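Following: one structure in structure tokens, then a few remarks.
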Amino acid sequence: MSPKKLDIRPVVLESGIDVKPTYGPDDVAASATGLSVGEPGDYPFTRGIHRLMYRARPWTMRQYSGFGTAADTNQRFHYLIERGQTGLNVAFDLPSQIGLDSDDPMAAGEVGRVGMAVDTLADMETAFEGVDLDKITVSLTINGSATTMIAMYAAMAEKRGYDLQSLRGTAQNDILKEFVGRSTWIFPVEPSVKLVGDTIEYCAQHIPKYSPVSVCGYHIRESGANPVQEMAYAFLIAKAYTDHSLARGLDIDEFAGRLSFNFDIHGNLFEQVAKFRAGRRLWASIVKGYGAKNPKSMWLRMIAGGGGGGLTIDQPENNIARGAYYALISALSGTQTMALCSYDEAYTIPTEKAARISLRTMQILMHEMGLTDTVDPLGGSYYVETLTNEMETRIRGVMDEVDAAGGIVKAIGEGVIQAQVARQAYEYEKGVFDGTIKKVGVNVFREEEEDHDVSYHPVNAEDTARQLAKVAGVRAARDGARVESSLAALKEAAAGGDNVMPATIEAVRAMATVGEITGVLKSVYGAYQEPLAF
Amino acid sequence: MMTQRRPRVLLAKPGLDGHDRGVKVVALALRDAGFEVIYTGLRQSPEAIVSIAAQEAVDVIGLSILSGSHLPICERMRDLIADAGLGDKVWIVGGNIPYGDRPKLEELGVSRVFPTGTPFDEIVGYLKEHLP
């Protein structure tokens, strides 16, 4: 009798790794990279940055939220906190994100649309009314205008009596990835990096518990990068900020411990888990290579949540199930903070109901499924350990390639990374349309009579008028001479190459607007010109 | 025999929305399908878009909008397109457009709405059918 020949379906992960039907100890040994698995809480932190992880402290739940005026957003914050959310992640509207005032002609139709409108310190104060900033950590999803918003947040906290020495929180403030995806850039690449450096330096010296930068692989992946590129580009960008900070004379242990990361979850479960385990130890070895002595400097602290890129317009309720799996991946990966895109995000900014379902999804995982009982529960799996090794090798490979071609800042400045991910996004979409990439409800198990019955987040037409009235009121009531002199001082600091943060804080205290502050910086730095070849 | 020029498509991102994955993949798909594609880049005013459309003598004006601001933007576009005498051009809109807003956009003069997730073939087929 001849042995039966099995027809093995080939499986290749997005990252290009061939998957075998079974894995064993030999595969783990053959793929070893030199960095160990080790113990949780010990270098190189493959299994987690803390010894006890969720057993000591479960992940923070931090849904992205914000819309309309600061008062509308404050209501949603309280709604989420009352329902057990443990952190806030603030969405700003597009004018605020690119440094325009609500009454700028370019802002017409955009005020309060995709996040809350912030023109002055007065809005920042309204947004956090009644929120205990010691108990609820706040993440500001702000990049182009981050120096101004961090200054406003610090000024707001100070005004309310918080000590800046112990103030916690995070700003996204990863401008390099904005040139690849998300696109809220304002200034050219070089001064943009300089401004990130200003926040790192200022926080290290004055707000030491604040995390001034959250380096985002997330948006690069959403723009078309595969999981290996997501990690590689994020690490290269984090290294660019690190090199810049070191060149200013900061010590690696003064700031590396406050760098954090934001990653994307959709796609193959095991590939994502391996991506994070590999990323954790690779980042630890990179920071160690910079001469860091403090293990905390080597931690890959991260928010990792369900990415919008995996969700579908078709059969939108399926996205609730997808979100739950993404949350599961996130917990299995040992993230510190979790957020999920809500099921209706392909249509609208999340309704209250959709935001609550996302929050409950994470709470079910935390309280019913045993995900907080033991650290790195997939550690030791032959498959996961092999994949972890292979991901690490591939991430290093992509990093080396970019470095050999002149580095990430050059590659982004010339639009090379943008062109690469756009091309990959195109290939991915073609794969979905021709069915080689399966999406349930889209190209398999499609319903002929599509149900697009989604409730929309209501847009309040009066919000814009209210915001315009508020900024006009602030302008009328403020001390004009103080605004003028603070903006003049800011211009001098920017032109002289000084750290702009002290002058920016002075300007926001004087009630200078986001648009005025950005205008001053633009007059010194100029504006970014987008490369359009792809 | 005259050589026929390739149909020319202007793809634009009006307003402040920075989501450009969709517009870039559609640009690549149309290019592969034989169209000449001009992409404006981000943060274009309706005035600038219509002015480029006139200057470049395009056959198609395509807008990609994912910020929810499609109605005010397209109201402005309608007036500018009329003023520039470009009412005979094919005008398409893509992005996160609620189903209920499609008829409103069509009333403003949009030829066809292609929401996020529309297969490339559908866009290419529509343009081939509706271009002279």
**Cα-based Rg of the stretch B:70-132 normalised by 2.2 N^0.38 Å, two decimals** = 1.13
**Prompt:** Can you give the average number of partner chain beta-carbon atoms within 10 Å of each beta-carbon in peptide B:120-131, as a whole number?
**Reply:** 1
**Prompt:** To the nearest 10 degrees, how steeply does helix A:382-404 sit against the main Cα axis of chain A, on a 0 to 90 scale?
**Reply:** 50
**Prompt:** Shielding of B:12-24 by partners, i.e. mean partner chain Cβ atoms within 10 Å per residue?
**Reply:** 6
**Prompt:** Full extension from A:D26 to A:A469: what is 0.36 nm times the residue separation minus their Cα-Cα distance, to one decimal in nm?
**Reply:** 152.6 nm
**Prompt:** Any idea what angle helix A:318-332 forms with the longest principal axis of chain A, computed on alpha-carbon atoms, 0 to 90 degrees, nearest 10?
**Reply:** 80
**Request:** Please give the helix A:416-434 orientation as an angle from the longest Cα principal axis of chain A, in degrees from 0 to 90, rounded to the nearest 10.
**Result:** 50
**Fill in**
So for R0 = 51 Å, FRET eff. of A:V131-A:A405 from the Cβ-Cβ r, to 0.05, ends up at 0.65
**Request:** Please state, as a whole number in µm²/s, the translational diffusion coefficient that the Stokes-Einstein equation yields for chain B at 10 °C and 1.306 mPa s, with Rh defined as the Kirkwood radius across alpha carbon pairs.
**Result:** 108
**Surrounding net charge for A:Y210, when Lys and Arg each add one and Asp and Glu each subtract one, Cβ distance under 9 Å** = +3
**Fill in**
The simple spin-label model distance between A:R446 and A:T33, using points 7 Å out along Cα→Cβ, in nm, is 3.9
**Whether the stretch B:1-69 is rounded, prolate or oblate, judged on the alpha carbon gyration tensor where a/c under 1.5 counts as rounded** = oblate
**Message:** As an exercise, use a Förster radius of 30 Å and the Cβ-Cβ distance of A:D243 and A:K296 to find the FRET efficiency, rounded to the nearest 0.05.
**Reply:** 0.90
**Prompt:** Which order results if A:K430, A:K439, A:K159 are arranged by neighbouring Cβ count within 10 Å, fewest first?
**Reply:** A:K159, A:K430, A:K439
**Prompt:** Per-residue mean of other chain beta-carbon atoms within 10 angstrom of the beta-carbon, peptide A:375-384?
**Reply:** 0
**Item:** Exposure proxy order (Cβ contacts within 10 Å, fewest to most) of A:M156, A:M298, A:M116
**Value:** A:M156, A:M298, A:M116
**Complete:** The exposure ranking of A:Y153, A:Y325, A:Y428, fewest beta-carbon neighbours within 10 Å first, is A:Y325, A:Y428, A:Y153
**Percent of Cα-Cα distances greater than 28 Å, calculated over chain A** = 55
**A:M106 versus B:A57: modelled label distance in nm, points set 7 Å from Cα along the beta carbon direction** = 3.3
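Values in this text are rule-based calculations from the coordinates and carry no lab data. What you see is a predicted model, and the numbers here were worked out from it, not measured in a lab. Heads up, the Cβs are rebuilt from the backbone with ideal geometry, glycines too, and the neighbour counts pull from every protein chain shown.
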